[in-house]
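Peer 1: Got a structure for you, written out below as structure tokens; questions coming shortly.
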Amino acid sequence: MEKLDISMSEVIQVVERAFLEKAEGRAEVPPKPGIHPQKDAFIHAMPAFLPKMRSAGVKWVSGFPENPKRGLPYISGLLILNDVETGFPVCIMDCTWITAKRTGAATAVTAKYLAREDSKVLGVLGCGVQGRSNLEALTVVSKSLDEVRAYDVNKENLRRYVEEMTAKHGLKVEAVDSPKKAVEACDIVVTSGPILKHPQPVIEASWFKDGGFACPLDFDSYWKPEAMHSTDKFCTDDKEQLEYYKTQGYFKNTPQVYAELSEIVSGKKQGRKSSKERIMSMNLGLAIEDMATAKLIYDKATRKNIGEKLPL
Ligand SMILES: NC(=O)c1ccc[n+]([C@@H]2O[C@H](COP(=O)([O-])OP(=O)(O)OC[C@H]3O[C@@H](n4cnc5c(N)ncnc54)[C@H](O)[C@@H]3O)[C@@H](O)[C@H]2O)c1
């Protein structure tokens, strides 16, 4: 996949197109069922069909919080693409790269409509794979970004993040020593620590500045319910998925959803209205993002003759 040289802006484009298809009512993306072999771990089945893109398939992705202690990544998994005419599987691919990139891309699409155009300071809490890909994607859409305030409970992870991100993006990337310093005075805040079924959130309403945009990737693990309720607009990438999670014991106290991302991208609902609004989008991660990205990968790999033919 890395050999294909797919840029973040290409991923952002296909992810945005997937949300437009969803807005037109064409995408099929049922809430993801999951199994939970370890505490706070998950393995999710994520099927989706995007008729216009002619992409259908399923991602089988796991997140195991103890993996980094074993020297393994938190997220791993496989993705199968199916032929939309025959249903036959046409391609099997690793889904680690896709999950990293498409999640950052979804944040960027959301920020394009909900963050202030002149956003300068980004706060990142959780400096792992997502902390990296979200920064990469946000630099594509938020051209005024010039500073990152990074926080991580693991000092070594934080040190590496600051070193790598400074070298990669040429922005001022500063390590801060408390969650508060990674939220206050930030125009965009991404939280990407672990998802906890019984969260102990710390972010207070008063830390989140006027005109700010927040994108939690770790559900409600970081933001206190009062902080979420204090926002002017609370959005999500998928209302149905959010409701489904509630039935599974997550999201015990979240505000009413103003709009889902597809409605905002398609113009059915207004995005940011003023430079003072404080907006949050609870992006849960959707299989349409994966299938859009997987199709991009498959088409490019086929054209460039990269990959391996497997007998069925
Ligand atoms: N919503 C989505 O679409 C989506 C998609 C993929 C991943 N995720 C979620 O994003 C999160 C990060 O995933 P990842 O692949 O980057 O994991 P990762 O293991 O690569 O990185 C997580 C980082 O968070 C740090 N951390 C742990 N507890 C913390 C805390 N309390 N405060 C700050 N930092 C903390 C760890 O030290 C590590 O550096 C996970 O919760 C994952 O489930 C969401």
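The values are calculated or read from the model by the stated rules, or taken from the named source; none is laboratory data. Please read all numbers here as calculations on a predicted model, not as lab measurements. We place every Cβ from the backbone using ideal geometry, glycine too, and count neighbours over all the protein chains shown. Surface areas here come from the heavy atoms of the whole protein model, side chains and all, with no ligands, DNA or RNA. Shrake-Rupley method; radii C 1.70, N 1.55, O 1.52, S 1.80 Å.
Peer 1: Going by the conditions given, is Glu263 outside any strand (DSSP E or B) and open to solvent by 50 Å² or more (accessible area, probe 1.4 Å)? Break it down stepwise before answering.
Peer 2: Details: outside any strand (DSSP E or B): yes; open to solvent by 50 Å² or more (accessible area, probe 1.4 Å): no.
Taking the combined requirement at face value, the residue does not satisfy it.
Peer 1: Scan Lys276, Lys304, Lys309 and give me the residue that is in contact with a helix residue (DSSP H, G or I) (Cβ under 9 Å, 6 or more places away or on another chain), farther than 30 Å from Lys197 by Cβ and charged (D, E, K, R). Spell out the reasoning first.
Peer 2: Values: Lys276 fails: in contact with a helix residue (DSSP H, G or I) (Cβ under 9 Å, 6 or more places away or on another chain); Lys309 fails: in contact with a helix residue (DSSP H, G or I) (Cβ under 9 Å, 6 or more places away or on another chain).
Lys304 is the lone residue from the list that is in contact with a helix residue (DSSP H, G or I) (Cβ under 9 Å, 6 or more places away or on another chain), farther than 30 Å from Lys197 by Cβ and charged (D, E, K, R).
Peer 1: Pick from the stretch 1-21 the residues that are more than 17 Å from the chain's Cα centre (by Cα) and open to solvent by less than 30 Å² (accessible area, probe 1.4 Å): which of them is farthest from Ile306 (Cα to Cα)?
Peer 2: Glu21
Peer 1: Could you tell me whether any residue of the stretch 166-181 is within 9 Å of the ligand (Cβ to nearest atom), in a helix (DSSP H, G or I) and buried (at least 18 other Cβ atoms within 10 Å of the Cβ)?
Peer 2: Within the stretch 166-181, the first condition is being within 9 Å of the ligand (Cβ to nearest atom), and the residues that meet it are 179.
With the extra rule that they be in a helix (DSSP H, G or I), the set shrinks to none.
No, that holds for no residue.
Peer 1: Hey, another quick one. For the stretch 38-90, name all the residues that are among the β-branched types (Val, Ile, Thr) and either away from the ligand (no atom under 15 Å from the Cβ) or crowded, with 18+ Cβ neighbours inside 10 Å (or both).
Peer 2: Filtering the stretch 38-90 for residues among the β-branched types (Val, Ile, Thr) gives 43, 58, 61, 75, 80, 84, 86, 90.
The answer is Val58, Val61, Ile75, Ile80, Val84, Thr86, Val90.
Peer 1: Another question about this same structure. Step by step: first the residues of the stretch 216-233, then only those that are among the acidic types (Asp, Glu) and within 14 Å of the ligand (Cβ to nearest atom), then the one that is farthest from Val257 (Cα to Cα). Which residue is that?
Peer 2: First, the residues of the stretch 216-233 that are among the acidic types (Asp, Glu): 218, 220, 226, 232.
Filter once more, keeping what is within 14 Å of the ligand (Cβ to nearest atom): 218, 220.
On the way: Asp218: 17, Asp220: 14 Å.
Taking the candidates together, the pick is Asp218.
Peer 1: Quick test of your reading of the structure: Thr96 fulfils all but one of (1) touching a helix residue (DSSP H, G or I) at 6+ places or on another chain (Cβ under 7 Å); (2) within 16 Å of the ligand (Cβ to nearest atom); (3) open to solvent by 20 Å² or more (accessible area, probe 1.4 Å). Name the failing condition by number.
Peer 2: Every listed condition holds for Thr96 apart from (1).
Peer 1: For the stretch 62-165, give me every one of the strands (runs of 3 or more DSSP E) that falls completely inside it and has 2 or more residues that are of a type in the set (A, V, I, L, M, F, W, C) and under 25 Å from Lys52 (Cα atoms).
Peer 2: On the way: elements: 75-82, 89-94, 121-125, 147-151.
By residue number, 75-82, 89-94.
Peer 1: How many of the residues in the stretch 143-164 are more than 8 Å from the ligand (Cβ to nearest atom), touching a Lys or Arg at 6+ places or on another chain (Cβ under 8 Å) and either open to solvent by less than 10 Å² (accessible area, probe 1.4 Å) or touching a residue at least 60 places away in the same chain (Cβ under 8 Å) (or both)? Break it down stepwise before answering.
Peer 2: Of the residues in the stretch 143-164, the ones more than 8 Å from the ligand (Cβ to nearest atom) are 143-150, 155-156, 159-160, 162-164.
Filter again for touching a Lys or Arg at 6+ places or on another chain (Cβ under 8 Å), leaving 144-149, 164.
Of the ones still in play, those that are also either open to solvent by less than 10 Å² (accessible area, probe 1.4 Å) or touching a residue at least 60 places away in the same chain (Cβ under 8 Å) (or both) are 148.
Residues in the stretch 143-164 being more than 8 Å from the ligand (Cβ to nearest atom), touching a Lys or Arg at 6+ places or on another chain (Cβ under 8 Å) and either open to solvent by less than 10 Å² (accessible area, probe 1.4 Å) or touching a residue at least 60 places away in the same chain (Cβ under 8 Å) (or both): 1 in total.
Peer 1: Now a separate question. So which strands (runs of 3 or more DSSP E) are wholly in the stretch 185-258 and hold at least 3 residues that are buried (at least 16 other Cβ atoms within 10 Å of the Cβ) and hydrophobic (A, V, I, L, M, F, W, C)? I'd like the intermediate steps shown before the answer.
Peer 2: Numbers: elements: 188-191, 213-216, 233-236.
So the answer is 188-191, 213-216.
Peer 1: Run down Thr236, Thr254 and say which single residue is of a type in the set (Ser, Thr, Tyr), under 21 Å from Thr110 (Cβ atoms), free of Cβ contacts under 8 Å to residues at least 40 places away in the same chain and within 15 Å of the ligand (Cβ to nearest atom).
Peer 2: Numbers: Thr236 fails: free of Cβ contacts under 8 Å to residues at least 40 places away in the same chain.
The conditions single out Thr254.
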